[in-house]
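Colleague: Okay, here's the structure, questions in a sec.
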Amino acid sequence: MDSRNTNPFRSLQANASGLFSRILSRYGSEMSCASGCSSCCGAEFSIHPGEAALILEEFTGLEDAVRGSLKESWSRNRPGTCAFLVGNRCTTYESRPVICRTQGAPLCTSDEVTRTKRITACTLNFKGGESLPSNPEDWFELNRLTELQSVAEHFFEKTLGIPETLRPLLDSEKRIPLRKLRDLLARLP
């Protein structure tokens, strides 16, 4: 089943991209984010199965020659970076996870006990944190984003179900490591 229209992560991705674009349009002179910058792509991490399903759908929908080219390029990926990063470019940019769509922008974490907020951003942006926006409309609220992702994942699992192809990749937290996902895609015809 093609979940592009019903997968709730599609909406989260679109909303995250929209907010990031709005922040970039307001603070572009304070931000270094641009095509080819991969300073935020240095970690290996795992994603929700719903997001992995979107990457799988995008990949399987590509022409054979494009899939072959991607597989070949992945063999040049540097260890310790995102599994889909090649030559400082994301090879799954259109279906990249929500977390990737927030990087570089101001990120707000809230401590519910102390009722404090901490705003951070990529060290290349906002003069290393000195000029971070003070307007909450210009931040990604990470606690809220995590809640929305949990709701989206619950909906995805109950209505669409985790594709059988992805089930063997699940880790102990029911997430899919990007490197395992990339390796699966590289084995597909």
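The values are calculated or read from the model by the stated rules, or taken from the named source; none is laboratory data. The model shown is predicted, which means the values in this text are computed figures rather than measured ones. All Cβ positions, even for glycine, are placed from backbone atoms using ideal geometry, and neighbour counts span all protein chains on display.
Colleague: Looking at (1) assigned to a helix (DSSP H, G or I); (2) among the basic types (Lys, Arg); (3) touching a strand residue (DSSP E or B) at 6+ places or on another chain (Cβ under 9 Å), find the lone condition where residue 78 falls short.
Modeller: (1)
Colleague: Something else now. Of everything in the stretch 34-81, what is hydrophobic (A, V, I, L, M, F, W, C) and under 18 Å from residue 9 (Cα atoms)? Give them in sequence order.
Modeller: 45, 47, 52, 53, 54, 55, 56, 59
Colleague: Read through the list (1) of a type in the set (D, E, K, R); (2) within 24 Å of residue 39 (Cβ to Cβ); (3) surrounded by 12 or more Cβ atoms within 10 Å (Cβ to Cβ), then give the number of the only condition that residue 153 fails.
Modeller: (2)
Colleague: With among the small types (Gly, Ala, Ser) and touching a strand residue (DSSP E or B) at 6+ places or on another chain (Cβ under 8 Å) as the only criterion, which of 152, 121 stands out?
Modeller: 121
Colleague: Which of (1) under 18 Å from residue 148 (Cα atoms); (2) surrounded by 16 or more Cβ atoms within 10 Å (Cβ to Cβ); (3) out of contact with any strand residue (DSSP E or B) (no Cβ under 9 Å at 6 or more places or on another chain) does residue 48 not meet, given it meets every other one?
Modeller: Here residue 48 meets the rest and fails (3).
Colleague: Sticking with this one: Here are 182, 144: which of them is at pLDDT below 95 and basic (Lys, Arg)?
Modeller: Checking each option against the conditions leaves just 144.
Colleague: Which one is nearest to residue 140 (Cα to Cα) among residues in the stretch 94-129 that are in a helix (DSSP H, G or I) and not β-branched (Val, Ile, Thr)?
Modeller: Across the stretch 94-129, the extreme among qualifying residues is 101.
Colleague: Can you spot a residue in the stretch 102-122 that is of a type in the set (Lys, Arg), surrounded by 13 or more Cβ atoms within 10 Å (Cβ to Cβ) and modelled with pLDDT of 95 or more?
Modeller: no
Colleague: Six or more apart or on different chains, Cβ under 7 Å: which pairs go from a residue in the stretch 44-68 that's aromatic (Phe, Trp, Tyr) to one that's at pLDDT 95 or above? Could you list them?
Modeller: Partner pairs satisfying both residue conditions: 45/178; 59/67; 59/185.
Colleague: Can you tell me which residue is farthest from residue 74 (Cα to Cα) among those in the stretch 153-189 that are over 19 Å from the mean Cα position of the chain (by Cα) and aliphatic (A, V, I, L, M)?
Modeller: Checked the stretch 153-189; the qualifying residue farthest from residue 74 (Cα to Cα) is 160.
Colleague: Also, quick follow-up: Name the one entry in 85, 107 that is touching a residue at least 24 places away in the same chain (Cβ under 8 Å), over 23 Å from residue 18 (Cβ atoms) and of a type outside the set (Asp, Glu).
Modeller: 85
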